[in-house]
Structures are given as C-alpha cells and as structure tokens.
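> Have a look at this one.
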Amino acid sequence: MFKVSKHVLAAKPCHILVRPGDIAERVLVVGDLGRANSIAKELLKKAKLVNSNRGFNTYTGYFEGTKVTVATHGIGGPSAAIAIEELVMLGARLIIRLGTCGGLIEEIKVGDVVVAIGASYPPGGAVGMYAPRICYPAVSDPEVTLELQKALSEEGFRVWRGLVASSDAFHAEEANLPTWSSLGMIAVEMECATIFTVARLRKLKAGAALLIIDNLATGDFFSSGSEERRLLELKAARGSLRTLVRLPIE
C-alpha cells in the first residue's frame with residue numbers, strides 16, 4: 001500500500017514560493033511571464049516581485065487602491081493547474097485568466113476579445129486527472145463573465161461571449177479546427193478548461209478574457225512582438241483588473 005507523504009497532506013506550494021500574505025485574494029493570471037512583468041510595471045502601483053521560481057513570475061501590488069496579484073501560469077493545462085492550485089493554497093479567491101487565442105469564425109476580427117463562458121477539452125489530459133471517467137463541465141463563473149464583458153466593452157473592445165476550445169497540443173491543432181468550429185467554438189486557446197475545472201473544484205470564482213491575435217478562418221494575424229498587440233494586451237489587462245476590483249469577495 002502507498003503511504004501518503006506529509007507534504008501532500010499539508011498541501012503546501014512547491015513552485016510558487018512566497019511568504020504568508022504575499023498573494024492577494026484577487027488574482028490575474030497570464031501565460032507569458034513577459035506579459036506578467038509588463039502588466040505589473042505599467043498598471044500596478046507598488047508592485048513587488050514575490051516569486052520567480054520555475055518561471056511562475058508573480059507580482060503583488062495595487063490597482064485602483066485594491067491589492068491584486070498578477071501571476072504567470074505558463075503554457076497548457078498541466079502548468080496552469082499547478083499555478084491555480086498553489087494560488088488557492090496561498091489565499092486566492094477570485095481568478096481571471098488574461099490570454100490570447102485564435103479565432104475560429106470569420107466574424108471575429110484580430111484585436112477583438114472573447115470572454116469565455118465555457119471550454120471544451122480532449123478526453124484525458126489535466127482535466128481528466130481531476131475528473132476521471134466523466135465529461136466535467138468546464139465553465140466560468142457567470143458573474144465574472146458578465147462583469148468582464150462590461151469592463152472590456154468600456155475599454156473600447158468589441159467583445160464576444162462564447163465557447164472556446166482548450167487544446168493540449170499547439171502544433172497539432174490544425175486537424176481539429178473544422179470540428180471545433182462546427183460545434184460552435186469561436187476561439188481556441190490552451191488553458192481555460194483546466195482553470196475553470198480547478199477553480200470550480202476548489203470553490204473559487206474564475207473567468208477568462210482572451211485577445212484575438214490571429215483568425216484561423218481568415219488568415220489574419222498580429223505580428224509577434226508588435227507594438228499594437230502590446231498596447232491591446234495592456235488595455236485588456238486594465239479591463240480585467242477593473243473586473244477583479246469591482247467584484248465582491250464572498
């Protein structure tokens with residue numbers, strides 16, 4: 001018989017290594033550590049880097065007078081699951097993913113934002129580890145979703161609310177595009193299904209705002225590293241942070 005270690009029973013973070021109180025209840029998570037660095041530098045006041053271990057760059061500071069954390073979750077479901085689990089252990093109660101995605105329908109334009117109401121996912125993978133033998137409903141919190149749509153619209157974005165596909169293999173997505181679009185998915189990304197599932201199981205609110213950086217139906221795209229894209233990411237971050245500070249922590 002396997003013996004459960006004291007470390008597992010204690011459920012202590014082993015990747016996000018911070019001191020008590022370093023993580024706010026309100027957390028914005030991003031995949032790219034460079035994006036986390038930029039948001040902290042340009043949008044937070046008194047931002048402090050509290051973790052850089054394993055590339056999970058994490059900052060805590062203030063936005064419009066409210067304490068918030070901006071954390072990196074890396075690429076894909078397994079990495080995102082680690083980040084969300086450990087942020088919850090450290091006191092997070094409301095989490096918003098700010099990411100990028102590819103559009104799957106012609107009507108969505110590069111520079112638009114998708115607010116995900118739910119995410120599909122391939123059988124197994126990270127979600128399958130949490131919910132074996134069932135198709136778990138990976139859905140966002142409705143209150144967070146509606147507030148995100150409102151805040152991002154106020155920032156001037158054209159906002160789409162809909163279902164997204166969470167992919168486990170970035171370079172193997174092309175064969176799946178017709179299936180996803182035929183089933184009503186409007187965009188593809190890599191982490192929402194896992195984040196929504198872990199959040200629901202750990203009893204915290206979660207939502208996601210996704211900037212369209214390319215459209216797989218039309219071939220339109222932002223050049224990587226373009227100034228226009230960087231400014232749109234910051235504008236989307238501002239709307240997402242406003243959502244974090246507006247929503248009550250229950």
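Where a number appears in this text, it was derived from the coordinates with a stated rule and is not lab data. In this text the structure is predicted, and so the values were computed from the model without any measurement. Cβ coordinates were reconstructed from backbone atoms using ideal geometry, including for glycine residues, and neighbour counts include every protein chain displayed.
> Given segment 19-246, what count of lysine pairs have C-alpha atoms under 26 Å apart, with each pair 8 or more places apart or on different chains?
Lysine pair count for segment 19-246: 24.
> Give me the net charge of residue 25's neighbourhood, meaning all other residues with Cβ under 10 Å from the Cβ of residue 25; Lys, Arg count +1, Asp, Glu -1.
Values: positive: 26, 67, 93; negative: none.
The answer is +3.
> With Cβ to Cβ distances under 12 Å as the rule, what net charge do the other residues near residue 245 carry (K, R +1; D, E -1)? Present the calculation step by step, with values, prior to reporting the outcome.
Details: positive: 26, 67, 238, 242, 246; negative: 25, 64, 147.
Its environment carries a net charge of +2.
> Considering only DSSP beta bridges where both residues belong to the chain, give the percentage that are antiparallel (nearest 5). Provide the component values of the computation, followed by the final result.
On the way: 17 of 46 bridges.
Antiparallel: roughly 35 percent of the beta bridges in the chain.
> Mind ranking 228-237, 205-214, 28-37 by how tightly packed they are, going by the mean number of other C-beta atoms within 10 angstrom, highest first? Let's see the in-between values first.
On the way: 228-237: 18.1, 205-214: 24.6, 28-37: 21.5.
Sorting 228-237, 205-214, 28-37 by mean packing, highest first, produces 205-214, 28-37, 228-237.
> What net charge is computed for the residues neighbouring residue 219, neighbours being all others with C-beta under 13 Å from the C-beta of residue 219, Lys and Arg scored +1, Asp and Glu -1? Working shown, then result.
Numbers: positive: 109; negative: 106, 174, 214, 220.
Neighbourhood net charge equals -3.
> Considering the Cα positions of segment 177-250, please state its Rg to one decimal place and its Dmax as a whole number of Å.
When restricted to the Cα atoms of segment 177-250, Rg and Dmax are 15.3, 43 Å.
> Quick one: what are the phi-derived ³J(HN,Hα) couplings along segment 61-71, Karplus 6.51/-1.76/1.60 with θ = phi - 60°, whole Hz, x for glycine and proline?
Going residue by residue, I get x, 10, 10, 6, x, 10, 5, 9, 10, 10, 10 Hz, with x marking Gly and Pro.
> Could you work out the per residue convex hull volume over the alpha carbons of segment 1-126, in cubic angstrom?
Numbers: hull volume 17.8 nm³, N = 126.
Convex hull volume per residue, Cα atoms: 141 Å³.
> If you look at just the Cα atoms of segment 37-94, how large are its Rg and its Dmax in Å?
Expressed in Å, the Cα Rg and Dmax of segment 37-94 come to 11.5, 33.
> Please go through segment 1-106 and write out the GluC sites (Glu not before Pro) that DSSP classes as loop and that have at most 15 other C-beta atoms within 10 Å. Mind showing how you got there, number by number?
On the way: sites: 25, 42, 64, 85, 86, 106; in loops: 25, 64, 106.
Qualifying residues, ordered by number: 64, 106.
> Using only Cα positions of segment 108-250, each an equal point scatterer, no hydration layer, compute I(q)/I(0) via Debye at q = 0.10 Å⁻¹ and quote the log10 values to two decimals.
Rounded to two decimals, the profile gives -0.34.
> Which one of 78, 164, 108 has its Cα pushed farthest toward the positive end of the charge dipole of segment 19-246, where Lys and Arg give +1 and Asp and Glu give -1 at the Cβ?
Going by the Cα projections, it comes out as 78.
> With a cut-off of at most 14 other beta carbons within 10 Å, and DSSP calling the residue loop, which trypsin sites (Lys or Arg not before Pro) in segment 70-161 qualify? Please list them. Could the numbers behind the result be given before it?
On the way: sites: 93, 97, 109, 133, 150, 158, 161; in loops: 93, 109, 133, 158.
Taking segment 70-161 and a limit of 14 other Cβ atoms within 10 Å, the loop trypsin sites (Lys or Arg not before Pro) found are 109, 133, 158.
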